[in-house]
Amino acid sequence: MKKIAIMGAMPEEIEPLLNFFGTYETTRYANNNYYTTVYKNTQIVIAYSKIGKVNSTITASAMICHFGCEKLLFGGVAGAVNPELHVGDLVVATKLGQHDLDITAFGHPYGYVPEGAVYEEADASLIEIAREVAKEKEIKLKEGIIVTGDQFVCDNARKEWIAKTFNADALEMEGASVALTCNSFGVPFFILRSISDAADMDASFSFDEFMISSAKISAKFVVAMLDKIIND
Ligand code: OS5
């Protein structure tokens with residue numbers, strides 16, 4: 001049976017998925033809960049990682065190495081960097097980088113470590129499936145660069161620096177670590193985010209107000225992609 005992982009970082013990001021599937025088994029592994037269910041002859045493993053790059057790396061690794069998932073989808077919320085993006089808009093990552101990774105003292109670019117790369121590329125066929133779903137459902141879907149750091153960005157100067165340095169459209173705290181984990185293990189992945197805030201001085205208020213509604217928008221789109229992924 002095929003196995004697909006669906007991840008979020010916070011409980012609110014996976015709750016709509018658990019509600020959609022209805023029944024699931026709970027397994028405790030590596031200090032986290034993993035929810036498994038069978039959907040159309042495919043095993044689905046769902047988890048929220050907890051916030052940040054380390055937690056999301058642990059969860060993505062567990063999904064792949066312990067649960068045997070062959071594809072990984074991440075759904076959640078993000079701060080907008082591109083001013084064309086507004087609360088509730090969907091962004092799919094074409095590539096992802098770590099905005100807080102800095103060994104520039106040795107002449108390297110921001111986000112780069114030797115034997116690595118500034119950006120991790122997302123899987124082209126999963127992005128293509130997202131395009132088809134967006135077209136069929138007439139949903140606006142922005143394809144762009146998402147950057148990740150262990151920092152809730154709520155400052156215009158920091159946001160502008162990130163925009164300029166990484167040409168980023170959105171930012172969050174888990175995507176690039178999940179991307180690097182999946183690419184390291186050769187597992188195709190897809191990172192989708194719905195905007196909850198503008199990563200500015202009002203970000204924490206906007207996040208509190210829109211996090212749940214934006215998380216639902218993202219989760220609904222991930223569910224809509226599942227049928228096509230299963231039949232692929
Ligand atoms: O997972 C974190 C990254 N997410 C995307 C995001 C983002 N990232 C960086 N900067 C921005 N401006 C961003 N906008 C959206 C969202 C999430 C941000 S950290 C939010 C922490 C909120 C919180 N803290 N305590 N609780 C919630 C309650 C709690 C208590 C116990 C257990 C779990 C939750």
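What pairs come up if the first residue lies in segment 98-115 and is closer than 15 Å to Gly149 by Cα, the second is assigned to a loop (DSSP other than H, G, I, E, B) and among the acidic types (Asp, Glu), and their beta carbons are under 7 Å apart, counting only those six or more places apart or on different chains?
Short answer, once both residue conditions are applied: Asp100/Asp150; Tyr110/Asp102.
Being assigned to a strand (DSSP E or B) and within 16 Å of the ligand (Cβ to nearest atom) is the filter; apply it to segment 1-37 and report the residue that is nearest to Asp232 (Cα to Cα).
Step one: of segment 1-37, the residues assigned to a strand (DSSP E or B) are 2-8, 25-29, 32-37.
Those still in the list that are within 16 Å of the ligand (Cβ to nearest atom) too: 6-8, 32-33.
Working: Ile6: 17, Met7: 20, Gly8: 23, Asn32: 30, Asn33: 28 Å.
Here the residue is Ile6.
Every residue in segment 39-57 that is in contact with a Phe, Trp or Tyr (Cβ under 9 Å, 6 or more places away or on another chain) and either more than 16 Å from the ligand (Cβ to nearest atom) or without any contact (Cβ under 8 Å) to a residue 60 or more places away in the chain (or both), please.
Tyr39, Gln43, Ile44, Val45, Ile46, Ala47
Which condition does Arg158 not pass, out of (1) within 13 Å of the ligand (Cβ to nearest atom); (2) touching a strand residue (DSSP E or B) at 6+ places or on another chain (Cβ under 6 Å), if it passes all the others?
The failed condition is (2).
From the list Ile191, Ile129, Ile139, pick out the single residue that is within 16 Å of the ligand (Cβ to nearest atom), among the β-branched types (Val, Ile, Thr) and within 19 Å of the chain's Cα centre (by Cα).
Working: Ile129 fails: within 16 Å of the ligand (Cβ to nearest atom); Ile139 fails: within 16 Å of the ligand (Cβ to nearest atom).
Of the residues listed, the single one that is within 16 Å of the ligand (Cβ to nearest atom), among the β-branched types (Val, Ile, Thr) and within 19 Å of the chain's Cα centre (by Cα) is Ile191.
How many residues, within segment 159-170, are without any contact (Cβ under 8 Å) to a residue 40 or more places away in the chain and surrounded by 14 or more Cβ atoms within 10 Å (Cβ to Cβ)?
So in segment 159-170, the residues without any contact (Cβ under 8 Å) to a residue 40 or more places away in the chain come out as 160-161, 164, 167.
Next, from what is left, pick out any that are surrounded by 14 or more Cβ atoms within 10 Å (Cβ to Cβ): 161, 167.
Residues meeting the conditions: 2.
Have a look at Gly79, Gly75, Gly111 and point out the one that is more than 14 Å from the ligand (Cβ to nearest atom), buried (at least 22 other Cβ atoms within 10 Å of the Cβ) and within 24 Å of Ala198 (Cα to Cα).
Gly111
Results for (1) part of a helix (DSSP H, G or I); (2) touching a residue at least 40 places away in the same chain (Cβ under 8 Å); (3) more than 14 Å from the ligand (Cβ to nearest atom); (4) over 13 Å from the mean Cα position of the chain (by Cα), shown as yes or no for each residue.
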site: Ala176; (1), (2), (3), (4): yes, yes, no, no
site: Asn183; (1), (2), (3), (4): yes, yes, yes, yes
site: Ile195; (1), (2), (3), (4): no, yes, no, no
site: Met211; (1), (2), (3), (4): yes, yes, no, yes
site: Lys216; (1), (2), (3), (4): yes, yes, yes, yes
site: Ile229; (1), (2), (3), (4): yes, yes, yes, yes
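Within segment 119-143, how many residues turn out to be among the acidic types (Asp, Glu), outside any loop (DSSP other than H, G, I, E, B) and surrounded by fewer than 19 Cβ atoms within 10 Å (Cβ to Cβ)?
5
Given the criteria of a type in the set (Val, Ile, Thr), buried (at least 18 other Cβ atoms within 10 Å of the Cβ) and in contact with a Gly (Cβ under 6 Å, 6 or more places away or on another chain), does Val187 qualify?
Details: of a type in the set (Val, Ile, Thr): yes; buried (at least 18 other Cβ atoms within 10 Å of the Cβ): yes; in contact with a Gly (Cβ under 6 Å, 6 or more places away or on another chain): no.
No; evaluated as a whole, the condition is false for this residue.
A short reminder: the numbers here are calculations on the coordinates, not readings from a lab. For clarity, every value in this text was computed on a predicted model and none was experimentally measured. Here Cβ is always computed from backbone atoms with ideal geometry, including for glycine, and neighbour counts include all displayed protein chains.
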